[in-house]
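Take a look at the structure below.
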Amino acid sequence: MNYEHTQKVSVVRDFLLVSLFVLGPLIPGGIWWGYPLFVVLMQVLLLPLIFFLFVFPISQSTISLTSDYLEFRFRYKWPKLVIDLSDIDSVETKDVSLWRGWGINTDIKGRKFWRVRERQCIEISKKDGKRFLLGTNDAETLTMFLSSALEKT
């Protein structure tokens, strides 16, 4: 019993969003404060670098489930999260707000989020008390596979 699911989001939309935040201040800055041409060129040239270093890697995730472990990894297979099935206490499906962001972050309850902009998540409670939320657009199927794998261990 193996399970693998890859989730991708629109890279074009991400690029437009990053462009808005990086290039947006140039318009009022150039009009009112008269930014020098050097500042404008630096921002335009740094846009692809910022995008490919920080945004593009977290625009795709893959979740793999084998008989021994569960693995969540981003586009370049780093960073990745590997959890042994013997360490998992329970699994359930959750819906979270899109305002939580994407990538890797922690909420006030101490749960680690690993996701690519998806409302559906699976919450994994480990036996040592740690909890993880893994974002996927196939949460029900993954929960079913993971629950059956936990029953066998």
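The values are calculated or read from the model by the stated rules, or taken from the named source; none is laboratory data. For clarity, every value in this text was computed on a predicted model and none was experimentally measured. We place every Cβ from the backbone using ideal geometry, glycine too, and count neighbours over all the protein chains shown.
Looking across region 102-111, just one residue is farther than 15 Å from S59 by Cα and surrounded by 15 or more Cβ atoms within 10 Å (Cβ to Cβ), and that is R111.
Would you please name the residue that is farthest from F145 (Cα to Cα), looking only at residues in region 114-129 that are at pLDDT 90 or above and not in a loop (DSSP other than H, G, I, E, B)? It comes out as W114. Among the residues of region 130-146, which ones are of a type in the set (S, T, N, Q) and assigned to a helix (DSSP H, G or I)? Within region 130-146, T141, T143 meet the criteria. Of the candidates W78, W99, W114, the single residue that is under 21 Å from D14 (Cα atoms) and surrounded by 15 or more Cβ atoms within 10 Å (Cβ to Cβ) is W114. Only one entry of S61, S90, S97, S86 meets the criterion of being over 23 Å from the mean Cα position of the chain (by Cα) and within 20 Å of L133 (Cα to Cα), and that entry is S86. Pairing each residue of region 1-19 that is of a type in the set (S, T, N, Q) with any residue that is assigned to a helix (DSSP H, G or I), provided the two are 6+ apart or on different chains, yields C-beta distances under 8 Å for S19/L47. Condition test on P48, is it on the phi < 0 side of the Ramachandran plot, surrounded by fewer than 16 Cβ atoms within 10 Å (Cβ to Cβ) and not assigned by TED's automatic domain parsing to the domain that holds R115? So P48 fits the description; yes.
Residues of region 53-110 that are aromatic (F, W, Y) and in a loop (DSSP other than H, G, I, E, B): Y76, W78, W102.
All conditions but one from (1) assigned by TED's automatic domain parsing to the domain that holds F15; (2) in a strand (DSSP E or B) apply to L41; the one that does not is (2).
Matching residues to (1) free of Cβ contacts under 8 Å to residues at least 40 places away in the same chain; (2) more than 30 Å from S19 (Cβ to Cβ); (3) among the hydrophobic types (A, V, I, L, M, F, W, C):
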| position | (1), (2), (3) |
| --- | --- |
| I58 | no, no, yes |
| T62 | no, no, no |
| Y76 | yes, no, no |
| P79 | yes, no, no |
| D84 | yes, yes, no |
| L133 | yes, no, yes |
| T136 | no, no, no |
| S147 | no, yes, no |
